[in-house]
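Presented below is the structure to which this report refers.
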Amino acid sequence: MPKLMIMAGGTGGHIFPGIAVAEALPKNWEVIWLGTADRMEADIIPKHNIPFFTIEIKGIRGNGLLRMLALPLTLAKAVYQAYRIILHEQPDAVLGMGGYASGPGGIATKLAGLPLYLHEQNAVLGMTNRWLSKIANHLFTGFPLSNTGTLVGNPVRQAFGQIPEPIQRTISDKLSILVVGGSLGAKVLNETLPEIFSEIGGFVVVHQCGKGNTQKVTANYASALKSTNNASASENEIVLTDFIDDMASAFAQADIIICRAGALTVAEVAMAGRTAIFVPLPSAVNDHQTRNAEYLSLNDAAYLVPQAQIKPQIREILTTLKAAPNKSFDKSILVKSYARFAAAEKIVTHIIDNTVVRT
């Protein structure tokens, strides 16, 4: 039976697209996963009944002189571990989706003489993929990258593509806002949005504030309500949650989504067809979150708000959309035209068509 090894880990932005590819494989293909034991893939992948293998490797950015000096030995050890796994498991092809394991795993793949495929989720080519693309058989991209790879989009769970069009709100309706700050929450969203919502008023808000933050954010909303002179602030309906299990359903119930601009989030917004206000993480490597959001914002399909301007700009955007809710609906329709469907299926088809299966 043919076998694909997927390498991905570290963040959901690498892991969940990899899972989408695994689920798109035909039933006559096996899939195994290469990651690390101390990152989130170690918890997630076994729950999907995918055989999981690990190597020992850490990130190499900003980790001090001693770690940099030890890097060659650390990398060599990780490549050797990955090579042994490959020899034992005998995959027919390997797909790197990003994360610490992809670098050593990619090198080991080529040492074993196997085809190496890569997928870059972000609008800026990451360091590992930039190196590995020189030896890879093919590079797939989630965003248009000049003269690099094949644009397929980012693999997204099918549920996002099945979300119906948003309701056409009238000025008398309350707009529904979903705030998504990731599994740990986004501090800047937790601290600034309660004040903005209270200043404008009249929203239904579901605010995913991150594990352990509910009490603090509840206090932020109470303080904002107490300090405002806006009578309509009391009309806000606020629901706080530390985590959302069914994100597609949460998207479906929202008119507006306020979030960071990770590659997977941007893809989910486009596929769901919802108005988004992106607040890119300013510390993201190579400012890739801004580049991700610009794919939509430069085409007037989403809003991009620099973190330094979050209060005045989000206040202005929400005030405008509350007064003219049709603008939110129009942007929701436009953003869906930038969605790229069947990304996982396109990757799988290319791998199957270009891989010589061992007999």
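The values are calculated or read from the model by the stated rules, or taken from the named source; none is laboratory data. This is a predicted model, so every value here is computed, not measured. Glycine gets a Cβ as well: all are built from the backbone with ideal geometry, and neighbour counts include every protein chain shown.
Filter the range 343-359 for residues that are free of Cβ contacts under 8 Å to residues at least 60 places away in the same chain and not in a helix (DSSP H, G or I) and give the result.
Answer for the range 343-359, where residues must be free of Cβ contacts under 8 Å to residues at least 60 places away in the same chain and not in a helix (DSSP H, G or I): just THR359.
Read through the list (1) free of Cβ contacts under 8 Å to residues at least 40 places away in the same chain; (2) assigned to a helix (DSSP H, G or I), then give the number of the only condition that PHE197 fails.
Unmet condition: (1).
Could you please let me know if SER183 is modelled with pLDDT of 90 or more, of a type outside the set (A, V, I, L, M, F, W, C) and closer than 26 Å to PHE16 by Cα?
For SER183, the condition - modelled with pLDDT of 90 or more, of a type outside the set (A, V, I, L, M, F, W, C) and closer than 26 Å to PHE16 by Cα - is not met.
So which of LYS346, LYS311 ends up being among the charged types (D, E, K, R), modelled with pLDDT of 95 or more and over 29 Å from VAL94 (Cα atoms)?
The match here is LYS311.
Of all residues in the range 326-342, count the ones that are touching a residue at least 60 places away in the same chain (Cβ under 8 Å), touching a strand residue (DSSP E or B) at 6+ places or on another chain (Cβ under 6 Å) and not small (Gly, Ala, Ser).
0
Is one or more of the residues making up the range 152-174 closer than 23 Å to GLN309 by Cα and either among the β-branched types (Val, Ile, Thr) or not in a helix (DSSP H, G or I) (or both)?
Checking the range 152-174: not a single residue is closer than 23 Å to GLN309 by Cα and either among the β-branched types (Val, Ile, Thr) or not in a helix (DSSP H, G or I) (or both).
Could you pull out every one of the strands (runs of 3 or more DSSP E) wholly within the range 1-58 that has 2 or more residues that are among the β-branched types (Val, Ile, Thr)?
Once the strands (runs of 3 or more DSSP E) in the range 1-58 are filtered for at least 2 residues that are among the β-branched types (Val, Ile, Thr), what remains is 30-35.
Hey, among the residues in the range 179-195 that are more than 10 Å from TYR221 (Cα to Cα) and in contact with a Lys or Arg (Cβ under 8 Å, 6 or more places away or on another chain), which one's surrounded by the most Cβ atoms within 10 Å (Cβ to Cβ)?
Restricting to residues being more than 10 Å from TYR221 (Cα to Cα) and in contact with a Lys or Arg (Cβ under 8 Å, 6 or more places away or on another chain), the top hit is VAL180.
Among the residues of the range 134-162, which ones are buried (at least 18 other Cβ atoms within 10 Å of the Cβ) and modelled with pLDDT of 95 or more?
Those that are buried (at least 18 other Cβ atoms within 10 Å of the Cβ) and modelled with pLDDT of 95 or more: ALA136, LEU139, PHE140, THR141, GLY142, PHE143, VAL152, GLY153, ASN154, PRO155.
Restricting the search to the range 67-101, which residues are buried (at least 23 other Cβ atoms within 10 Å of the Cβ), at pLDDT 95 or above, under 15 Å from ILE57 (Cβ atoms) and not aliphatic (A, V, I, L, M)?
If the condition is that a residue be buried (at least 23 other Cβ atoms within 10 Å of the Cβ), at pLDDT 95 or above, under 15 Å from ILE57 (Cβ atoms) and not aliphatic (A, V, I, L, M), then GLY96 is the only one that fits.
Could you list all residues from the range 310-326 that are touching a helix residue (DSSP H, G or I) at 6+ places or on another chain (Cβ under 8 Å) and of a type in the set (Val, Ile, Thr)?
ILE310, ILE314, THR319, THR320
Could you tell me which of the residues ASN299, ASN220, ASN292 is at pLDDT 95 or above, part of a loop (DSSP other than H, G, I, E, B) and in contact with a helix residue (DSSP H, G or I) (Cβ under 9 Å, 6 or more places away or on another chain)?
Going through ASN299, ASN220, ASN292 in turn, the sole match is ASN299.
Just give me the residues in the range 233-248 being assigned to a helix (DSSP H, G or I), surrounded by fewer than 17 Cβ atoms within 10 Å (Cβ to Cβ) and free of Cβ contacts under 8 Å to residues at least 60 places away in the same chain, in sequence order.
SER234
Being in contact with a helix residue (DSSP H, G or I) (Cβ under 9 Å, 6 or more places away or on another chain) and surrounded by fewer than 24 Cβ atoms within 10 Å (Cβ to Cβ) is the filter here; which residues of the range 111-131 pass it?
LEU111, ALA112, LEU114, PRO115, ALA123, VAL124, LEU125, GLY126, MET127, THR128, TRP131, listed by residue number.
Quick test for you: out of THR150, THR192, pick the one residue that is touching a residue at least 60 places away in the same chain (Cβ under 8 Å), in the same structural domain as LEU118 (by TED's automatic domain parsing) and not charged (D, E, K, R).
When all the criteria are applied, what remains is THR150.
Within the range 306-348, take every residue that is polar (S, T, N, Q) and out of contact with any Leu (no Cβ under 8 Å at 6 or more places or on another chain) and give me the one that is surrounded by the most Cβ atoms within 10 Å (Cβ to Cβ).
Ranking the candidates gives SER332 first.
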